[in-house]
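Undergrad: This is the structure I want to talk about, given as structure tokens.
The values are calculated or read from the model by the stated rules, or taken from the named source; none is laboratory data. What you see is a predicted model, and the numbers here were worked out from it, not measured in a lab. Don't worry about glycine lacking a Cβ; one is built from the backbone with ideal geometry, like all the others, and counts go over all protein chains shown.
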Amino acid sequence: MNQEVLLQMMRATIPRDRALLEAFLYYQAEHFDEDWNSLIRQFLTNKQEINKSVQVLHFETAVSAFVQASPYDTAHDLLTYTQVFGQSGLQKLDKLSSSEKDLVIEVTLFNLATRFQLLDSNGHYQTISPDSLLQKSRGANLVNVYRVANNLADRISRDIEQFLLTYEPELETGVDETVLENEETVDEHKTSVHQGISFREEGSLVIASLDVDLSQLDVQTGKTSHLPAYEELSLRRKFEILTYFDHIRNKRFKVASFRRGDFDTEMEMTPVFEGEELLTYLEADGSPYELRRTLTRVEEKELEKIGQVIRIENQEKLTQVGIELSQFESDQVGILLDAAGRFRLKNADLALLGGYPKASVTQLALATELLQMGLGHEKVEFFFGSQLSLEELRQVAYAFLHQELSREDAEQFEKDKRNQPDLTLRDWKSKLEKAETKVVVDEAFEVNPLVQMVLDNYPLGTLVSYKGQDFEVTSVSDARLNGLIRIELVNDFSDIIEQNPVLYLRTWEEISQVIHIPKPEPKVELDEPDQELNLFSFLEEETSQSVNEAVQNIRVLDPEGSEKGHNDTDLEDTDNQIPEEEVVEIIPDSPVTDFHFPEDLTVFYPKTARDKVETNIAAIRLVKILEAERRKASPSEQELLVKYVGWGGLANEFFDDYNPKFSKEREELKNLVSDKEYSDMKQSSLTAYYTDPALIRQM
């Protein structure tokens with residue numbers, strides 16, 4: 001039996017199994033303070049092992065004392081206390097009929113009697129028995145009845161347990177002692193009858209006092225702390241304090257304003273709002289991604305309920321296509337939930353993933369990513385059966401995505417590699433193509449003069465520098481789109497499906513700015529004012545910068561003590577003019593402090609496209625300031641610099657002059673950097689793909 005069948009039976013929409021409902025009645029009486037969904041799942045899991053509890057201790061006296069200490073004059077036993085305590089809440093529940101409300105009270109009493117061992121030898125409490133409850137529940141919606149009864153029993157049981165912490169049974173006393181005690185009580189009453197307990201707020205604390213402080217409630221955590229003087233109070237005084245604190249909790253810890261928003265396609269998660277303010281995002285498994293503030297226990301439970309709904313929705317998407325989640329390990333289930341709730345894969349894609357319960361986490365994650373990128377099922381299935389290494393699978397995936405390899409080719413490569421362990425995919429493809437290095441030029445556009453110009457200057461196989469890295473030119477062709485030229489560069493793979501650069505450029509000026517043949521770097525003349533530094537170069541060349549700054553800090557003193565500006569003469573002139581008796585003062589650099597990354601990087605880097613753009617521009621602005629002031633970055637400035645994430649994945653949207661979304665930021669960036677720097681940024685990779693965190697952890 002699954003959870004849905006049990007719930008339908010409890011709602012009386014299908015025929016009921018009396019034995020099953022009786023077993024559930026006993027089970028929920030033992031576990032009424034647990035979350036409802038968890039209670040249902042645990043019952044279905046453990047229903048064959050459920051045993052009725054054996055009563056060892058009895059709390060009739062203690063519970064009776066609790067009732068007598070309550071502020072309700074009409075309450076004289078647990079039944080009347082429960083009726084009085086629960087009546088205000090039950091009156092607001094219009095969905096419950098009057099008979100269902102009466103049943104709520106009786107189920108609550110049965111739960112409390114079970115918890116505090118008040119049942120008689122037959123398992124009854126007064127006139128309440130399992131048989132009577134099942135008889136009265138015919139036609140009732142037991143889901144609503146049990147949930148309300150469990151909440152009510154949980155609330156009352158916590159009050160009783162709090163009372164029992166300080167309860168001491170009264171001992172029998174002689175007549176003389178009783179008279180003496182009564183006299184002392186009268187005297188005490190005369191002095192304190194007009195003195196009430198006062199409550200005040202200090203910061204996050206609500207403090208109860210009566211001459212001295214007695215107890216305090218932390219409104220942020222909802223926790224109560226009793227002070228020594230509290231132990232000397234009468235039961236009625238203690239109950240007064242606890243009741244007031246409960247009132248404060250109910251007033252301040254309401255979470256009715258928590259609201260689930262629509263799925264955020266950019267964050268790939270579901271937002272939760274508090275009023276109109278964003279509180280957090282919930283992932284596909286229902287867990288919170290990043291909380292904007294600390295939650296109370298009550299709020300945590302409310303957020304957990306929303307998360308459970310999201311998890312159940314995504315689980316249902318998987319079960320609807322025939323996936324049995326019990327066949328998968330927890331890490332695998334997490335990937336499947338992401339496939340359904342985060343990446344919103346089609347049912348056919350989900351069914352494909354569900355057909356491989358023995359697949360590794362890496363295989364599932366890689367297959368999920370490839371399905372999201374549109375790879376066909378036939379090729380995706382190759383990764384579930386392949387014995388190739390992860391590095392080789394990356395290369396096969398890249399070739400699949402670029403239509404450079406069929407599944408039959410991949411299977412043949414794997415077969416050949418078994419016989420030749422040192423064989424690489426690149427070498428195998430070269431042999432397949434008869435090791436011919438051909439000029440890849442689209443014949444239909446061979447007359448394009450710009451294509452020929454590029455080939456004349458950068459023949460195929462030429463080693464060129466692009467963004468500070470060396471690549472090999474493998475293809476030059478007409479892109480057949482808006483006069484663009486397509487240039488393919490290749491070097492080693494670095495990520496799961498990291499693509500080698502494919503550049504789309506329009507003019508020779510753009511091409512010559514983006515790629516060039518590496519040349520030995522000329523010696524840098526320190527005093528040349530027009531020298532243009534690469535953006536962030538000082539972060540990668542600390543040693544070179546330290547030398548520069550040391551030279552820049554040299555001051556030459558003339559015999560009269562006046563200081564010559566280091567910009568008044570060039571370095572050679574200065575060296576020639578320094579007499580032997582003159583003193584050269586070198587101002588040392590302050591020590592460099594390395595930046596240390598935090599342990600948890602999940603919230604360190606910017607997330608949304610706008611956050612990334614704003615962080616990039618702020619980091620570039622800081623670099624310009626540091627260059628102008630000729631100094632190193634402070635620790636706080638270092639943190640901003642390391643959050644620079646580049647323009648990969650942002651280029652298409654940010655550098656589109658017809659897109660008004662980032663028009664202000666584009667103008668600001670143009671004012672900050674040179675034309676060459678702006679052009680370099682504009683040519684950032686156009687194909688930035690998602691890599692699942694679980695996959696990265698496996699690597």
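Undergrad: Might you let me know whether segment 288-301 holds any residue that is basic (Lys, Arg) and at pLDDT 90 or above?
TA: Restricting attention to segment 288-301, the residues satisfying the condition of being basic (Lys, Arg) are 292-293, 297, 301.
Then drop every residue that is not at pLDDT 90 or above, which leaves none.
So far as segment 288-301 goes, no, none of its residues is basic (Lys, Arg) and at pLDDT 90 or above.
Undergrad: If a residue has to be loosely packed, with under 15 Cβ neighbours inside 10 Å, assigned to a loop (DSSP other than H, G, I, E, B) and free of Cβ contacts under 8 Å to residues at least 40 places away in the same chain to count, how many in segment 605-630 make the cut?
TA: 0
Undergrad: To continue, here is another question. Of all residues in segment 71-98, which are within 45 Å of the chain's Cα centre (by Cα), modelled with pLDDT of 85 or more and among the polar types (S, T, N, Q)?
TA: Result: Thr82, Gln83, Gln87, Gln91, Ser97, Ser98.
Undergrad: How many residues are at positive phi and of a type outside the set (S, T, N, Q) if we restrict to segment 98-124? Break it down into steps so the answer makes sense when it comes.
TA: Narrowing segment 98-124 to residues at positive phi: 117, 123.
Now restrict to residues that are of a type outside the set (S, T, N, Q): 123.
Matching residues across segment 98-124 total 1.
Undergrad: Scan segment 446-475 for residues that are more than 18 Å from Ser679 (Cβ to Cβ) and touching a Pro at 6+ places or on another chain (Cβ under 9 Å) and report the count.
TA: Total satisfying the criteria: 3.
Undergrad: Quick check on this structure: which one of Leu112, Leu119 is over 25 Å from Asp246 (Cβ atoms) and either crowded, with 17+ Cβ neighbours inside 10 Å or more than 45 Å from the chain's Cα centre (by Cα) (or both)? Give the derivation first.
TA: Values: Leu112 fails: over 25 Å from Asp246 (Cβ atoms).
Being over 25 Å from Asp246 (Cβ atoms) and either crowded, with 17+ Cβ neighbours inside 10 Å or more than 45 Å from the chain's Cα centre (by Cα) (or both) holds for just one of Leu112, Leu119, which is Leu119.
Undergrad: Restricting segment 209-225 to residues that are within 12 Å of Ile248 (Cα to Cα) and crowded, with 16+ Cβ neighbours inside 10 Å, which is modelled with the lowest pLDDT?
TA: Step by step, filter segment 209-225, then rank; the result is Gly222.
Undergrad: Are any residues in segment 69-96 in contact (Cβ under 8 Å) with a residue 12 or more places away in the chain and outside any helix (DSSP H, G or I), and if so, which ones?
TA: Those that are in contact (Cβ under 8 Å) with a residue 12 or more places away in the chain and outside any helix (DSSP H, G or I): Ala69, Ser70, Pro71, Tyr72, Asp77, Leu93, Lys95, Leu96.
Undergrad: Let me ask something additional. Out of Arg259, Arg236, I need the residue that is part of a strand (DSSP E or B), loosely packed, with under 14 Cβ neighbours inside 10 Å, charged (D, E, K, R) and in contact (Cβ under 8 Å) with a residue 12 or more places away in the chain. Which one?
TA: Values: Arg236 fails: part of a strand (DSSP E or B).
None of the other options fit; the residue is Arg259.
Undergrad: Continuing with the same structure: Does Leu39 satisfy the condition of being hydrophobic (A, V, I, L, M, F, W, C), at pLDDT 85 or above, out of contact with any Asp or Glu (no Cβ under 8 Å at 6 or more places or on another chain) and not in a helix (DSSP H, G or I)? Let's see the steps before the verdict.
TA: Working: hydrophobic (A, V, I, L, M, F, W, C): yes; at pLDDT 85 or above: yes; out of contact with any Asp or Glu (no Cβ under 8 Å at 6 or more places or on another chain): yes; not in a helix (DSSP H, G or I): no.
Answer is no for this residue.
Undergrad: Among the candidates Ala62, Ala29, Ala12, single out the residue that is within 30 Å of Tyr167 (Cα to Cα), surrounded by 14 or more Cβ atoms within 10 Å (Cβ to Cβ) and at pLDDT below 90. Please lay out each step first, then the result.
TA: Working: Ala29 fails: at pLDDT below 90; Ala12 fails: within 30 Å of Tyr167 (Cα to Cα).
The conditions single out Ala62.
Undergrad: Looking only at segment 202-215, how many residues end up being of a type outside the set (A, V, I, L, M), touching a helix residue (DSSP H, G or I) at 6+ places or on another chain (Cβ under 9 Å) and part of a strand (DSSP E or B)?
TA: Our first condition is that a residue be of a type outside the set (A, V, I, L, M); within segment 202-215, this holds for 202-204, 209, 211, 213, 215.
Cutting the leftovers down to touching a helix residue (DSSP H, G or I) at 6+ places or on another chain (Cβ under 9 Å) gives us 209, 211, 213, 215.
Add one more test, that the residue is part of a strand (DSSP E or B), and what stays is 209, 213, 215.
Qualifying residue count for the region: 3.
Undergrad: Pull out all pairs, ordered by first then second residue, where Cβ-Cβ is under 7 Å, the residues are six or more apart or on different chains, the first lies in segment 110-132 and is in the same structural domain as Leu79 (by TED's automatic domain parsing) and farther than 18 Å from Gln83 by Cα, and the second is assigned to a loop (DSSP other than H, G, I, E, B) and modelled with pLDDT of 90 or more.
TA: Gly123/Ser129
Undergrad: Next up: Is it the case that segment 308-326 has a residue that's among the small types (Gly, Ala, Ser) and surrounded by 15 or more Cβ atoms within 10 Å (Cβ to Cβ)? So that I can check it myself, show each step before the final result.
TA: Quick first cut of segment 308-326, residues among the small types (Gly, Ala, Ser) only: 322, 326.
Those left that are additionally surrounded by 15 or more Cβ atoms within 10 Å (Cβ to Cβ): none.
No; the residues of segment 308-326 include none that is among the small types (Gly, Ala, Ser) and surrounded by 15 or more Cβ atoms within 10 Å (Cβ to Cβ).
Undergrad: Hey, Glu299 hits all of (1) acidic (Asp, Glu); (2) surrounded by 17 or more Cβ atoms within 10 Å (Cβ to Cβ); (3) outside any helix (DSSP H, G or I) but one; which does it fall short on?
TA: (3)
Undergrad: Another one. Could you say which residue among Thr127, Thr166 is in contact with a strand residue (DSSP E or B) (Cβ under 9 Å, 6 or more places away or on another chain), at pLDDT below 90 and either at positive phi or surrounded by fewer than 18 Cβ atoms within 10 Å (Cβ to Cβ) (or both)? If you could, list the steps in order and put the result at the bottom.
TA: Numbers: Thr127 fails: in contact with a strand residue (DSSP E or B) (Cβ under 9 Å, 6 or more places away or on another chain).
Just one listed residue meets the conditions, Thr166.
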